[in-house]
Amino acid sequence: MNSIEILKEEHQKILNLLSELETAVNEPETDPSDTESFNRLNAAVKLQSQIEEGIFYLVMEEIDDTRIIVERFYNQHKKIDKLLAHLSTIALNQEEFQEPLAELRRVIEIHIEEAEEKLFPVAEDKLAKKT
């Protein structure tokens with residue numbers, strides 16, 4: 001399994017955790033103090049961001065074809081971090097949780113789509129040329 005396959009796998013894990021959180025939020029018997037789903041999502045997103053920024057983006061921002069995309073991804077990570085920080089201050093069963101959660105899903109889905117359709121193909125091409 002190469003690094004891009006691992007990142008794709010992690011993207012899917014984050015989407016699954018997001019769906020799990022959305023399900024928990026929509027269950028009427030959800031305990032407002034139960035933050036397990038949120039905490040797992042938050043940890044997975046932060047780990048994914050650290051891997052992308054600490055390794056993958058450093059390499060990809062050196063390539064002319066991907067420099068602008070990587071800059072946009074850094075900005076998306078900042079927005080995701082702000083949304084997660086905001087969500088961490090709201091109980092799961094509060095109505096105010098719904099809007100930032102929907103925005104978080106939207107930003108994450110855009111990020112994943114752009115990464116997998118624009119950045120990863122260039123990375124795969126560059127890796128193929130080096131081997």
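Identify, please: which residue in the range 38-50 is closer than 20 Å to Glu96 by Cα and not polar (S, T, N, Q) and is, among those, modelled with the highest pLDDT? Spell out the reasoning first.
Going residue by residue through the range 38-50, those that are closer than 20 Å to Glu96 by Cα are 38-39, 41-42.
This time we only want the ones that are not polar (S, T, N, Q), so: 38, 41.
Details: Phe38: 91, Leu41: 95.
Looking at the filtered set, the residue picked out is Leu41.
Quick check on the range 85-102. Is at least one of its residues modelled with pLDDT of 90 or more, closer than 20 Å to Ser3 by Cβ and among the aliphatic types (A, V, I, L, M)? Scanning the range 85-102, I find no residue that is modelled with pLDDT of 90 or more, closer than 20 Å to Ser3 by Cβ and among the aliphatic types (A, V, I, L, M), so the answer is no.
Which residue is nearest to the chain's Cα centre (by Cα), if the candidates are limited to the range 92-117 and must be loosely packed, with under 15 Cβ neighbours inside 10 Å, touching a residue at least 12 places away in the same chain (Cβ under 8 Å) and part of a helix (DSSP H, G or I)? Break it down into steps so the answer makes sense when it comes.
Filtering the range 92-117 down to residues loosely packed, with under 15 Cβ neighbours inside 10 Å leaves 94-96, 98-99, 102, 106, 109-110, 113, 116-117.
Restricting the remaining residues to those that are touching a residue at least 12 places away in the same chain (Cβ under 8 Å) gives 94, 98, 109-110, 116.
Now restrict to residues that are part of a helix (DSSP H, G or I): 98, 109-110, 116.
Values: Gln98: 18, Glu109: 8, Ile110: 9, Glu116: 12 Å.
Ranking the qualifying residues of the range 92-117, first place goes to Glu109.
For the range 46-56, the condition of being surrounded by 16 or more Cβ atoms within 10 Å (Cβ to Cβ), touching a residue at least 40 places away in the same chain (Cβ under 8 Å) and in a loop (DSSP other than H, G, I, E, B) holds for none of the residues.
Could you identify the single residue in Lys126, Lys82 that is surrounded by 12 or more Cβ atoms within 10 Å (Cβ to Cβ) and over 22 Å from Met1 (Cβ atoms)? Spell out how you get there, then give the answer.
Numbers: Lys126 fails: over 22 Å from Met1 (Cβ atoms).
Every option except Lys82 fails the conditions.
With respect to the conditions (1) touching a residue at least 24 places away in the same chain (Cβ under 8 Å); (2) not in a helix (DSSP H, G or I), Thr89 lacks only one, and its number is (1).
The listed residues are Glu116, Glu22, and the only one of them that is out of contact with any Pro (no Cβ under 7 Å at 6 or more places or on another chain) and within 30 Å of Asn2 (Cβ to Cβ) turns out to be Glu116.
Scanning the range 61-84 for residues that are in contact (Cβ under 8 Å) with a residue 12 or more places away in the chain and closer than 14 Å to His111 by Cβ gives Ile69, Val70, Arg72, Phe73, Tyr74, Gln76, His77, Lys79, Ile80, Asp81, Leu83, Leu84.
Looking across the range 18-37, the residues that are at pLDDT 85 or above and out of contact with any Ser or Thr (no Cβ under 7 Å at 6 or more places or on another chain) come down to Leu18, Ser19, Glu22, Thr23, Glu36, Ser37.
Being over 17 Å from Lys8 (Cβ atoms) and not in a helix (DSSP H, G or I) is a property that holds for Asp65.
The values are calculated or read from the model by the stated rules, or taken from the named source; none is laboratory data. Just so it is clear, the structure is predicted and the values come from calculations on it, not from any experiment. No Cβ is skipped: glycine too gets one built from the backbone with ideal geometry, and neighbour counts run over all protein chains shown.
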